[in-house]
Structure formats: structure tokens, C-alpha cells
Amino acid sequence: MLLSRILDYPRQLGRRAASLAARSRAKPWHLSVPATTLALVSGVLFYRGQPAWAAAALLASGLAGVLDSAVRGRSSSTAAFDALLRPTAEVIADAAVLGGILLYYAAIGADTYVALALMALVGSFLRSFPAARADGDIKCSRAGVFQRPEQVLVLVLGGFAGRIPAALVLLAVGNWVSASIRFLCVSRSLSNDPGQSADHRRRDA
């Protein structure tokens, strides 16, 4: 995907920085917490009608997330803890940013943009859920036109350009399309593997 290629350069920088972080014995949560905190700041700034500053905070959060991913890939001692912390932190971050945008448009009475923000927010949750159910299936967990880095990039560009409504349209469509594709992928995977489907039913019971 084009956006993934655009993000490849900062990911390379993240991997290099991760090498330095690994030498200092940094843990993934050392970066997850600042990344989430910056996302919360971004949400507040979006709500206050300062999209450029909000985009800057979100960009810093995204870069911390890239570094977090790189460090996480090199760490095994906190794998179990991070497996719970990372997705929880990402849900909080997405809710804060898109929630801040939603509240801003609600405050000025822009009902159309409120609906778009709500669609983007719900779509981001729906996009994440099938990925969590993929149980390590890389193909399904990365299926779709949007992943979380693309969402962050769209919001950052929209904030700097002052085009948040356009960003919301992209997110509302992209997140729902991605969620649908991932749902179908996981559904087919479970249908083709009865044992895996049984495991899911036992965990859900």
C-alpha cells in the first residue's frame, strides 16, 4: 500500500533507534505510556480547535509507537504484559483522538462531521477486533486498506493541512472497509480450521 511505503522510512528510523533503546534495556511499556499520553494530549487539542498542534502531538505519539513496536520485537521478558498493554493503549489513544474531534464538532453543532467522526471511531474499533481474533494469522491481522499507522498518518496530515473533515471521510470509509475485509478473512480461516474455531468457542464460553 502507498501509505505503508510512506511509513517505511520512519519505521527504519524506529528500528535503528530501537537498537539504541535495547542497549539501554528499555522496556516496551516505557514507550507505550508516553505514546498514549501524547495521544490524549492530541485529543484535547483537537477538542480545543487546535488541529495543527494536535497533529504535532499525534505525530510524536505515532513515532513513539513505531519505536515501541521495534523495541517490543527485540524484547521477550515483557511479552505477556505487553500483549495486554499495547492493544489497550492503542484503543485508548484512538478513542481520545477521534473522541476529541467528535466533541469539537458536537460543540459547534456540525452534526455531519459528528457522524463522520463517530463512524471513524467505531470503524477503528471494528478494524482492531478481527485482528485480535486472528490468533497470529498475519495475513488476516494485516488485511484491509487501513492499519493503525495509516489512520495516524491521515489524521496528522489532515491536522497540519486543516482538512480534518476530509480525513474523517477517509477514515470512516477505510476503517469500515478494512474491518469488513478482516472479518471475512478471519471467518474463512475459522471455517477452514474447525479446531481453531472450537478453541475460540471454549475461550468465549
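The values are calculated or read from the model by the stated rules, or taken from the named source; none is laboratory data. Not measured: the values here are computed from a predicted model. Heads up, the Cβs are rebuilt from the backbone with ideal geometry, glycines too, and the neighbour counts pull from every protein chain shown.
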query = Is it fair to say Val122 is surrounded by fewer than 20 Cβ atoms within 10 Å (Cβ to Cβ), at pLDDT below 85, aliphatic (A, V, I, L, M) and more than 11 Å from the chain's Cα centre (by Cα)?
reply = no
ask   = Tell me, which helices (runs of 4 or more DSSP H) lie completely within the stretch 1-93 with 1 or more residues that are at pLDDT 65 or above and surrounded by 21 or more Cβ atoms within 10 Å (Cβ to Cβ)?
value = 29-47, 51-74
message = For the stretch 133-150, check the following and say yes or no: at least one residue is more than 24 Å from Ala35 (Cβ to Cβ), at pLDDT 80 or above and either in contact with a Pro (Cβ under 6 Å, 6 or more places away or on another chain) or assigned to a helix (DSSP H, G or I) (or both).
response = no
Residues within the stretch 155-177 that are closer than 13 Å to Ala55 by Cβ and either in contact (Cβ under 8 Å) with a residue 60 or more places away in the chain or over 17 Å from the mean Cα position of the chain (by Cα) (or both), tallied = 10
